[in-house]
Amino acid sequence: MTAHVGVSYGGVRATDDVSLSVQRGEIVGLIGPNGAGKTSLVDAWCGFVAHDGTVEVNGHDVTGRPPHRRARAGLARTWQTVELIDDLTLAQNCAVAAPHADAAHLAATLERVGLGGRGGRRPGELSLGQRKLGGVARAVVAGAAVVVLDEPAAGLDPTEIEALASVVESLAAEGLGIVLIEHDTALVFRLCSRVVVLVGGRVLTDGTPEEVRADGEVIAAYLGTAR
């Protein structure tokens, strides 16, 4: 995915010409303080809010397309709140995103995210960590090329975070491009080869974890309070 977008709400600029790219097999972190514009950016990429600029997925320009067309092109996302349908099983939740998938494919997708054998369970029967992984499964089940994970570690205990980290690394190893939006900076610096810092709707820096950690402006604007 290659995106260069800006978002405005009623004349107020939420993000200003933010450029970000992620290649297959790459994990890119997107961090910044609350109100930096991270969610607005994701909503723009995925077609949930109007934006200026362009979004390209798998070499296809999806600018102006609705969310389901962008998803069909290979761009998927998770949500800060899990958003699974309580009355459906995990497998059925995945089938909502991939209605033509057979049972074997649904089961294999759940296996990919560490939920093998749990396809018949409903969200209320699962831990928060398992529900979040269920959200990841639903995002990737239709063959996404890029998935945006929006604060997937929020509310998880250390064991659940380790399970999540393992899944993220495994999906990237399969060739999936991943954008990881997360306040757990230790997790971001551990998993990501590149980190983009967003402050006030603008990119403050884009570099390796080592470069970002050592950046005085980043420390002053965000890391000094996020640690």
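For this structure, a couple of remarks:
- One chain, two ends: A98 and R69. Fully extended at 0.36 nm per residue, the span grows by 9.1 nm beyond their Cα-Cα distance.
- Ascending count of other beta-carbon atoms within 10 Å, so fewest first, for W45, W79: W79, W45
- With Cα atoms as the point set, the stretch 32-164 shows a radius of gyration and Dmax of 15.2, 44 Å.
- q = 0.25, 0.26 Å⁻¹, the stretch 82-143: log10 I(q)/I(0) [Debye, one scatterer per Cα]: -0.97, -1.06
- Couplings 3J(HN,Hα) of the stretch 175-190, computed from phi: x, 7, x, 10, 10, 9, 9, 7, 8, 7, 5, 4, 5, 4, 5, 6 Hz, in residue order, whole Hz [Karplus 6.51 cos²θ - 1.76 cosθ + 1.60, θ = phi - 60°; x for Gly and Pro].
- The fewest-to-most ranking of T78, T39 by surrounding Cβ atoms within 10 Å reads T39, T78.
- Mean separation of Cα contacts under 8 Å (6+ apart) over length of the stretch 82-143, as relative contact order %: 47
- Residues L84, L223, ranked from the fewest to the most other C-beta atoms within 10 Å, line up as L223, L84.
- Over every Cα atom in the chain, the radius of gyration and the widest Cα-Cα span, Dmax, amount to 17.1, 51 Å.
- Charge dipole (debye, nearest 20) of the chain; +1 at Cβ of Lys and Arg, -1 at Cβ of Asp and Glu: 440
- Relative contact order (percent, whole number), the chain, Cα cutoff 8 Å, 6+ residue spacing: 27
- Per-pair calculated FRET efficiency, R0 = 45 Å: R13 and H105 via Cβ, rounded to 0.05: 0.60
- Taking a Cβ cut-off of under 14 Å around G117, the surrounding Lys, Arg, Asp and Glu residues balance to a net charge of +1, with basic ones at +1 and acidic ones at -1.
- Amide proton proximity set for L126, modelled H, under 5 Å, gap of 5+: none
- Each peptide in 128-138, 15-25 receives the mean, over its residues, of other Cβ atoms within 10 Å, and ordering these scores from highest gives 128-138, 15-25.
- The amide H of T205, built 1.01 Å from its N in the peptide plane, has V197 as neighbours under 5 Å, considering only residues 5 or more places off or on other chains.
- The label point for T81 and the one for R213, both projected 7 Å from the Cα toward the Cβ, are 3.6 nm apart.
Read-outs: derived from the displayed coordinates by stated rules, not from any lab. What you see is a predicted model; the values in this text were computed from it and never measured. Methodologically, a virtual Cβ is constructed for each residue, glycine included, from the backbone with ideal geometry; neighbour enumeration extends over all protein chains shown.
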